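For reference, the structure is listed below as structure tokens.
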Amino acid sequence: MTPTQDLYNSLCKDLYSLDIFDKSLNGLLSIIEKNDRHRTILIEKKFAVSSSGERTAGFFFVQCLNSFCNEEQLKEFRKNLEKVVKERAKGNYMEVDPILIAPGYSDIVINFVNQYNNFQRRKPILCRYGK
Amino acid sequence: MGSFICSISERDWEVSRTKGVYGNKAGKIDDKGRYREFAPKTKYSIIRDLIGMKEGDKVFFHVLSESGPSRIHGIYVVRNLPFYHTQKIWNDPYELYPYRFLFKPHPSYDSLCEYGGNIEVVDFYELIEQRKIWSLVTLENEINIEARSIRKIEDGKDTEEIMRLLHRDFKCRRLNKKITFSPIPLSSQATPLRNFVKDIGNYENSIKALLMYKMSQNDPTIINILGSVSDFMNEVFIAQTTRKMMDILSIQNLDANSKRYIISEVKTYKCQSDSLWQVLHYMDLFKQKELVNIHSDIVDGCLIGQRFDDEVIDFTKRRNAQGVNGNILLIQYNPIKNGSDANFQRIA
């Protein structure tokens, strides 16, 4: 089992098992979709409403890569993110927090993500190192 | 073909609709009661709004009434390219309204014009509220937004919706007596409006005016970069509440079910990182409009300027190489012919 597969499995079992999510900060989270082949997880953020139980407050889209992340992997991640945004949020990128987990990132990817986060009024792409 | 709404006073409308000529003013009365010509920035904004017009384009008139509700009349068509002419036509002590175009009743709907077919402007605003019209959010002049008399609207569903209301209300709002239409011909003294586009490289509205003209003429220097454009508009509100406007929106029909929208931001000099942030933000906002099919339509962004920050070029090239979420076009322009024209070159 690769390190990020381990991470992927841990997250699928318990979203709070790693230090990515915090119950007090992120509220109620539940996995609504996962893809074992691409190791992607779509998580719904919810908050309690007294009148009707719970309401959605957006999504986290997580992808755990099992190899070093270069431009090609980043491109695939952005394509997957776009698909989720279209299907779940009618094209509104502010509804989806993207999280990318990989054992390492090329300088080009880190640079691109920094620029993307500066230039796009969207939820920033969070790059995490899977150990 | 394009479609326009032009604002005009009730007094001037009586003359215009008989003679088939519309004019936009060239100045205003200042605080001391003296007539002053507009500054170049405003002058070029007037030319910018008018110069995208061509023969056969549709026109509605927003008639501003002091005695009752304002109305929209139509539907007319443009007779020839816009021009500048100072022959006195309207009964105004100061203003000659020299930025002009000629029009005639639309040949397919001439009875609407012959009997003064119109709708109340509130019915038009209902269409906006119902999201049946998207290319305009108001006909009013607002604080902090330049006064505009001519607005280009979408020549598709938006135009059809106004035509639908004109037909819907025709029976109850028509005049009993036929209006005499005695069109004036184009004077040999008239100067094509294109000749008044100058100062390119010094005023944003000047380069925008040139772009509007070139798009209306399917000029290869622009079409070779943007692709064949089926419709285009300037100063289009991206969102009603924030009052943010795209400089130019161009539309291409890719096939029966798919369109490509290009949101362009124009800068007089340099396109910096904030310009790129702006166009990327507008692309994301535009994709959320009801008219956009996010699964089949393409929304691209475009920055037009004389120079670009290295970071803007670098990020644009890398983003385009990934081919996700639409492309950004960087178009560099260089003023030529003493600022009356420009060369265009795509650099990313």
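So that you can scan it fast, the table gives a plain yes or no per residue for (1) outside any loop (DSSP other than H, G, I, E, B); (2) of a type in the set (Phe, Trp, Tyr); (3) in the same structural domain as B:LYS104 (by TED's automatic domain parsing); (4) over 19 Å from B:LEU330 (Cα atoms):
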| position | (1), (2), (3), (4) |
| --- | --- |
| B:LYS178 | no, no, yes, yes |
| B:PRO183 | no, no, yes, yes |
| B:LYS208 | yes, no, no, no |
| B:VAL229 | no, no, no, no |
| B:THR241 | no, no, no, yes |
| B:ASP247 | yes, no, no, no |
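Summed over the range A:81-93, residues that are over 12 Å from A:PHE61 (Cα atoms) and not small (Gly, Ala, Ser) total 4.
Residue count for the range B:210-221, restricted to those that are in a loop (DSSP other than H, G, I, E, B) and either surrounded by 24 or more Cβ atoms within 10 Å (Cβ to Cβ) or polar (S, T, N, Q) (or both): 2. With the structure loaded, tell me whether A:ASN70 is touching a Ser or Thr at 6+ places or on another chain (Cβ under 6 Å) and modelled with pLDDT under 95 or whether it fails that test. No.
For the range B:316-334, residues that are closer than 17 Å to A:PHE77 by Cα and part of a helix (DSSP H, G or I) total 5.
Counted as qualifying within the range A:18-131 are the helices (runs of 4 or more DSSP H) with 1 or more residues that are of a type outside the set (Phe, Trp, Tyr), within 10 Å of chain B (Cβ to nearest Cβ) and on the phi < 0 side of the Ramachandran plot, namely A:71-89, A:107-119. Within the range A:100-131, restricting attention to residues that are under 17 Å from B:VAL324 (Cβ atoms) and among the aliphatic types (A, V, I, L, M), the residue that is farthest from the chain's Cα centre (by Cα) is A:ILE108. Looking at the structure I just gave you, is A:CYS69 closer than 25 Å to A:VAL113 by Cα, surrounded by 18 or more Cβ atoms within 10 Å (Cβ to Cβ) and either touching a residue at least 60 places away in the same chain (Cβ under 8 Å) or acidic (Asp, Glu) (or both)? Spelling it out, it is not the case that A:CYS69 is closer than 25 Å to A:VAL113 by Cα, surrounded by 18 or more Cβ atoms within 10 Å (Cβ to Cβ) and either touching a residue at least 60 places away in the same chain (Cβ under 8 Å) or acidic (Asp, Glu) (or both). Scanning the range B:43-99 for residues that are over 23 Å from B:LEU112 (Cα atoms) and among the basic types (Lys, Arg) yields B:LYS43, B:ARG48, B:LYS88. Looking across the range B:304-326 at every residue that is among the aliphatic types (A, V, I, L, M), surrounded by 15 or more Cβ atoms within 10 Å (Cβ to Cβ) and within 12 Å of chain A (Cβ to nearest Cβ), the one that is nearest to B:ASP274 (Cα to Cα) is identified as B:VAL312.
From B:GLU265, B:GLU290, which residue is within 14 Å of chain A (Cβ to nearest Cβ), assigned to a strand (DSSP E or B), of a type outside the set (Val, Ile, Thr) and surrounded by fewer than 22 Cβ atoms within 10 Å (Cβ to Cβ)?
B:GLU265
Tell me yes or no: at least one residue of the range B:175-197 is exposed (fewer than 15 other Cβ atoms within 10 Å of the Cβ), within 29 Å of B:VAL21 (Cβ to Cβ) and basic (Lys, Arg). Taking every residue of the range B:175-197 in turn, at least one turns out to be exposed (fewer than 15 other Cβ atoms within 10 Å of the Cβ), within 29 Å of B:VAL21 (Cβ to Cβ) and basic (Lys, Arg). Given the criteria over 15 Å from B:ILE47 (Cβ atoms), of a type outside the set (S, T, N, Q) and surrounded by fewer than 21 Cβ atoms within 10 Å (Cβ to Cβ), does B:PHE237 qualify? Spelling it out, B:PHE237 is indeed over 15 Å from B:ILE47 (Cβ atoms), of a type outside the set (S, T, N, Q) and surrounded by fewer than 21 Cβ atoms within 10 Å (Cβ to Cβ).
How many of the residues making up the range B:15-44 are among the basic types (Lys, Arg) and within 29 Å of B:LYS104 (Cβ to Cβ)? Spell out how you get there, then give the answer.
Applying the first criterion (among the basic types (Lys, Arg)) to the range B:15-44 yields B:17, B:19, B:25, B:28, B:32, B:34, B:36, B:41, B:43.
From the residues that got through so far, the ones that are within 29 Å of B:LYS104 (Cβ to Cβ) too are B:17, B:19, B:25, B:43.
Total meeting the criteria: 4.
Here the condition is being among the aromatic types (Phe, Trp, Tyr), more than 28 Å from B:ARG243 (Cβ to Cβ) and touching a residue at least 60 places away in the same chain (Cβ under 8 Å); of B:TYR109, B:TYR99, B:TYR115, it holds for B:TYR115 alone.
Looking only at residues in the range B:268-287 that are more than 9 Å from every other protein chain (Cβ to nearest Cβ) and free of Cβ contacts under 8 Å to residues at least 24 places away in the same chain, the one that is nearest to the chain's Cα centre (by Cα) is B:GLN278.
Does the range B:305-315 hold any residues that are of a type outside the set (A, V, I, L, M, F, W, C) and closer than 20 Å to A:GLU72 by Cβ, and which are they? The answer is B:ASP314, and nothing else. Kindly indicate whether A:LEU81 is within 18 Å of A:GLU95 (Cα to Cα) and either loosely packed, with under 14 Cβ neighbours inside 10 Å or touching an Asp or Glu at 6+ places or on another chain (Cβ under 8 Å) (or both). Judged against the criteria, A:LEU81 is not a match.
The values are calculated or read from the model by the stated rules, or taken from the named source; none is laboratory data. What you see is a predicted model, and the numbers here were worked out from it, not measured in a lab. Cβ atoms come from the backbone with ideal geometry, glycine included; neighbour counts cover every protein chain shown.
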